[in-house]
Amino acid sequence: MEELDPKQTSRAEAFELWMQAPMPMVTLVKTLDVTQAVRLSRRRGIKLNLLLCWCVGRAASRVEEFYTLPAVDKLIRFDRLAVDMVTALQGGGISTCDVPFSEDMEQFRRDYLALTARVRETGEPYDLSGTHMVIGTSALPWTEIDGAVNVYAGFYNNPFLIWGKYRKKFLRALLPVSFQFHHSQMDGGHAARFLENLQEEMRNL
């Protein structure tokens, strides 16, 4: 983890414009073809949400802006990514679990299963925000949604994705995904490239 002076980075102008804005977050919504992920999930008995989160990490790792987090008067640069998921607890309620991203899907699968089980059992969040750039996710797999808007006040500056239940259309499985990001961190073009990457990762599973 390294603190950067925003004025010495390519985000200098955006940081000045958006860091103190009352509503600095932007949301893009895109419908993804997740047919291959659904098939792989069924064929290999792998949780669909696990596959989606791994694809999020893969897609983000190809966009440089994901490694930098806006924080008050500086940018924090990380070398590693983690994917956070909102996790249902055994006794009711929710908590959060940060899973370190690995290019090795099997390693990510092991970490995902072990860490989410730990959070469910203990009720305590697993937090990697001090060592990893964390990408938030929240899944509502029991209901279809067209889009979602999260906290818009710049109080949680990490990029965040929300999705619901995928939809069947002919032989395809389609999933609307909402992606929220802080405008100081990236522009719409970076966000759009991430979503294109995410679609590519889904198709190449």
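The values are calculated or read from the model by the stated rules, or taken from the named source; none is laboratory data. All values reported here derive from a predicted model rather than from experimental measurement. Neighbour counts run over all protein chains shown; Cβ positions are idealised from the backbone, glycine included. Just so you know, the surface numbers come from the protein's heavy atoms only, side chains and all, with ligands and any DNA or RNA stripped out. Shrake-Rupley method; radii C 1.70, N 1.55, O 1.52, S 1.80 Å.
Please compute the net charge surrounding Gln185, taking Lys and Arg as +1 and Asp and Glu as -1 over other residues with Cβ under 10 Å from its Cβ.
Working: positive: Arg11; negative: Glu65, Asp187.
Once positives and negatives cancel, what remains is -1.
Mind pulling the angle between the C-alpha long axis of helix 48-60 and the longest principal axis of the chain? Nearest 10 degrees, somewhere in 0 to 90.
Between helix and principal axis, roughly 30 degrees.
Whose amide H sits under 5 Å from the amide H of Thr87, counting only residues 5 or more places off or on another chain, with H placed in the peptide plane?
The list, which skips near neighbours in sequence, is Ser95, Thr96, Cys97.
What whole-number value in Å² describes the accessible area per residue of the range 118-176 for a 1.4 Å probe? Don't skip to the answer; put the middle values down first.
Numbers: 3480 Å² over 59 residues.
Counting only protein heavy atoms, the per-residue value for the range 118-176 is 59 Å².
Working from Cα positions, state the angle (0 to 90°, nearest 10) between the long axis of helix 105-122 and the longest principal axis of the chain.
90 degrees
Give a residue-ordered list of calculated ³J(HN,Hα) values for the range 93-101 (Karplus: 6.51 cos²θ - 1.76 cosθ + 1.60, θ = phi - 60°; whole Hz; x for Gly, Pro).
The phi angles translate into x, 9, 9, 10, 9, 8, 10, x, 6 Hz.
Per residue, how much accessible surface does the range 1-71 expose to a 1.4 Å probe? Answer in Å², no decimals. Working shown, then result.
On the way: 3830 Å² over 71 residues.
Result: 54 Å² per residue.
To two decimal places, what compactness ratio does the chain give when its Cα radius of gyration is scaled by 2.2 N^0.38 Å?
On the way: Rg = 16.8 Å, N = 205, 2.2 N^0.38 = 16.6 Å.
That works out to 1.01 for the chain.
Could you tell me the calculated FRET efficiency between Tyr156 and Ala192, based on Cβ-Cβ distance and R0 = 30 angstrom, to the nearest 0.05? Kindly include the intermediate steps, with their values, before the conclusion.
Details: r = 22 Å, r/R0 = 0.73.
About 0.85, to the nearest 0.05.
Under 24 Å Cα to Cα from Lys165, which lysines show up? Leave out anything in the same chain fewer than 8 places away.
In chain and number order, the partners are Lys30, Lys47.
Given the options Leu113, Leu52, Leu175, which has the most mean-square fluctuation in a GNM of the chain, springs set between C-alpha atoms less than 10 angstrom apart?
Leu113
Give a residue-ordered list of calculated ³J(HN,Hα) values for the range 158-163 (Karplus: 6.51 cos²θ - 1.76 cosθ + 1.60, θ = phi - 60°; whole Hz; x for Gly, Pro).
Once θ is set to phi - 60°, the couplings for the range 158-163 become 5, x, 8, 10, 10, 9 Hz.
How much of the DSSP beta bridge set in the range 23-157 is antiparallel, as a percent to the nearest 5?
Working: 11 of 17 bridges.
Restricted to the range 23-157, the bridges split so that about 65 percent are antiparallel.
For every helix of n ≥ 4 consecutive DSSP H residues, a contribution of -39,500 (n - 2.57) applies; sum these over the chain, divide by its total residues, and give [θ] at 222 nm rounded to the nearest 500 deg cm²/dmol. Display every interim value, and only then the final one.
Details: 5 runs with 64 residues, N = 205.
Calculated from helices alone, the mean residue ellipticity at 222 nm is -10000 deg cm²/dmol.
For Lys74, go through the lysines and keep the ones whose alpha-carbon is under 24 Å away, minus same-chain ones fewer than eight residues off.
Lys7
Any chance you could give the angle, 0 to 90 degrees and rounded to 10, that helix 188-203 forms with the longest Cα principal axis of the chain?
Around 20 degrees separate the two axes.
When the scattering of the range 1-77 is computed by the Debye formula from its Cα atoms alone, each counted once and equally, what is log10 I(q)/I(0) at q = 0.12 Å⁻¹?
-0.53
Less than 11 Å Cβ to Cβ from Cys55, Lys/Arg counted +1 and Asp/Glu -1: what total charge do the surrounding residues give? Walk me through the intermediate numbers first.
On the way: positive: Arg58, Arg203; negative: Glu200, Glu201.
Every neighbour counted, the sum reads 0.
How large a share of the accessible area of the range 1-158, in percent, is made up of carbon and sulfur atoms when the probe is 1.4 Å and the other protein chains stay in place? Intermediate results must be reported in sequence, preceding the final value.
Values: 4240 of 8440 Å².
Solvent-exposed carbon and sulfur of the range 1-158 make up 50 percent of the total.
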